[in-house]
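What follows draws every value from the coordinates through simple rules; no lab data is involved. The structure presented is a predicted model; accordingly, all values stated were derived computationally and were not measured. Cβ sites come from the backbone with ideal geometry, for glycine too, and all protein chains shown count toward neighbours.
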Amino acid sequence: MKAEQTSMLAAEGLGKRYEGTRVLDGVGFSVRKGECFGVIGPNGSGKSTLLKLLSGVETADEGTVTFAGRTLGAFGRKELARRMAVLEQETLPPVGFTVREVVEMGRYPHQNWFGEEAEDADRLIGAILDKLDLSRMAGRTLEHLSGGEKQRVALAKVMAQEPELLLLDEPTTYLDIGRQIQLMDRIREWQAEAGLTVVAVLHDLNLAALYCDRLLLLHRGRVAGIGTPAEMLAEERLAEVYGIAPIVTAHPALGVPQVLLRPGGWRGTDD
Amino acid sequence: MALLLFSIVASLSLGSVRLPLTEVWGILIHHVPWLSGLESGSWPEQAEQIVLKIRLPRVALAIVVGASLSLAGAGFQGVLRNPLADPYTLGVASGAAVGAAFLLLTGIQFAGMGQWTIPVVAFGTGLLTLALVLRLGREQGKLRMETLLLSGVVLQAFLGSVVSFMVSLSNQVVNQIVYWLMGSLSLHGWPYTAALLPYLAVGFVVLVGCSRPLNLFALGERQAAHLGVRVERTKIVVLVVCTLMTAGAVAVAGTIGFVGLVVPHLVRLLAGPDYRLLLPLSALLGAVYMLWADTIARTLLSPTEIPLGVVTAFIGAPFFAYLLRRRKSGAGRAG
């Protein structure tokens, strides 16, 4: 019996304009449930805009986004937040709320007007804090935490949201290589445990190759290709899109393609 | 709350005629319909007159104005995500001042409104100012907070200069205009309190209903949106409601500064940033603060009355500075 691969998130013919400039044009793809789908592309290719359209904070000028079988517009804001969460690249501001209070904010979409929920969430929050090693500092306010600790709190908050789909907006931008691996490993663990679907906008191609099942390459607002990392991270394709001539080699331990840079050779991409 | 109650009684007892606290308490209880049996001591008729007819209305007004301004300040700070925001940031007070100054300058009084003319017009011009600021602050169909703040600052400056212009034109009424600007609760009876009360009540209920979204706002507008908050709607609701309270307070009492800015911060320093606590505590503390400020204003240099705005600034600024220093040297909030 063939397992049905349900589409969690799909886009068709997406287009978006900002003050006359076309930022996205005819973007279409489909993400399967449980998949880790990466979106890569150079600066200005429209990755952030695409994420804004997928999360519903902005509406597309053309095309549709379908989430769990319904168009995005058909979801109420809270209803959407119960099933879709976004992890931003900016760290949380240094507010005076404690770690526990911030993680509890992740439960907002599941709470009614009085702040109550169907099931008590204390245990869930306690488990999340334990898993991310935040229990010791549960009572400390955010303004006293380091950047790395705040990033774990941000992850805990989206975990508390218990979504089916997680959108990542270049979450590793401000993290060192150790914290990058830690974050991506934790997300992968979460995926394995809960069947979470992930759509990640990443600028680091090697990280994308290591963690994503499929990649969408965006170039000047258009889809330049969709496929496995092996298919997408090919030297000619990268040269055309990024304007440099990198070397693509196989990862010694894992076999996935890794991109090695070499100085010189910037041809420009006539943007 | 106990503090408020005590403050009320104390304030009622102080004045050019000092009345004993117990006497005041007795008079009050006697007049609460279902408690009157408890107290039937004797006190001079004159005392009762002073408490009920002269001082109590003023006390009530002080409470309502103080609570309104503090709530509005807390609301503005939450939605503008700016700790320097106060109820006057968006230029509402300047708008109301223009209305009041104009009336004082020209001596116009609308028939049938009599002494209500100034408050009503001031309220109207205050609201107009908000509408203008909202128009200016709208970008691509969304309210951008930075643009809103800038529009407010610009409008405040412009309207302030209009008021100054009117002041310069007038000879006889300069005093009146300036006095109005500095804020006063004198000679304002129950009707003023009754007029402001509905705005305060509605404002309080609406804001408390928005406390959790306001908490989420602290993380950033986009984060709040991702958690399911209807960001644009919340912004407008909070802004309108807070402006109504501010315009009402200013229309009734003049521009009294430092309450809307200092009280919410005070509460934050004492009780943390959670809006579910911040809002009710700000209202209470604002009421108490205003009450004491007004008491000082009318008793310190008796029989002269110091303008209320002056007193609030004189008390508020140094006290706030003291609290900031204590916070810096001490630890943060206990974990």
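Structure values in brief
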{"quantity": "Added length on full extension, which subtracts the Cα-Cα distance from 0.36 nm per residue, A:D185 to A:V57", "calculated": "43.3 nm"}
{"quantity": "Relative contact order (%) - chain A, alpha-carbon pairs under 8 angstrom, separation at least six", "calculated": "24"}
{"quantity": "The stretch A:172-271 shape via C-alpha gyration tensor axes, a/c threshold 1.5", "calculated": "prolate"}
{"quantity": "Cβ neighbours within 10 Å from other chains - mean over A:76-82", "calculated": "4"}
{"quantity": "Rounded, prolate or oblate (a/c below 1.5 giving rounded, otherwise prolate when a/b exceeds b/c) for chain A by Cα gyration tensor", "calculated": "prolate"}
{"quantity": "Chain A: most fluctuating residue of A:Q161, A:Q191, A:Q111 per GNM, C-alpha cutoff 10 Å", "calculated": "A:Q111"}
{"quantity": "From phi via Karplus (6.51, -1.76, 1.60), per-residue ³J(HN,Hα) for the stretch A:28-42 in Hz, x at Gly/Pro", "calculated": "x, 6, 9, 10, 7, 4, x, 7, 10, 10, x, 10, 10, x, x"}
{"quantity": "Backbone HN-Hα couplings from phi across the stretch A:209-219 [Karplus 6.51/-1.76/1.60, Hz, Gly and Pro as x]", "calculated": "5, 6, 10, 9, 6, 9, 10, 10, 9, 9, 9"}
{"quantity": "Whole-angstrom gap from the stretch A:174-206 to the stretch A:117-167, using each part's C-alpha centre", "calculated": "16"}
{"quantity": "Amide H partners (placed H, <5 Å) of A:A200, local residues excluded", "calculated": "A:F37, A:G38, A:V39, A:L168"}
{"quantity": "Neighbour cut-off at most 13 other Cβ (10 Å), DSSP loop, chymotrypsin sites (Phe, Trp or Tyr not before Pro), the stretch A:82-116", "calculated": "A:W113, A:F114"}
{"quantity": "Rounded to whole Hz, the Karplus (6.51, -1.76, 1.60) HN-Hα couplings of the stretch B:55-66, x for glycine and proline", "calculated": "8, 4, x, 5, 4, 4, 5, 4, 4, 5, 5, x"}
{"quantity": "Amide H contacts under 5 Å for A:H219, placed H, 5+ residues apart", "calculated": "A:A224"}
{"quantity": "Long-range amide H partners of A:V86 with built H, under 5 Å", "calculated": "A:L167"}
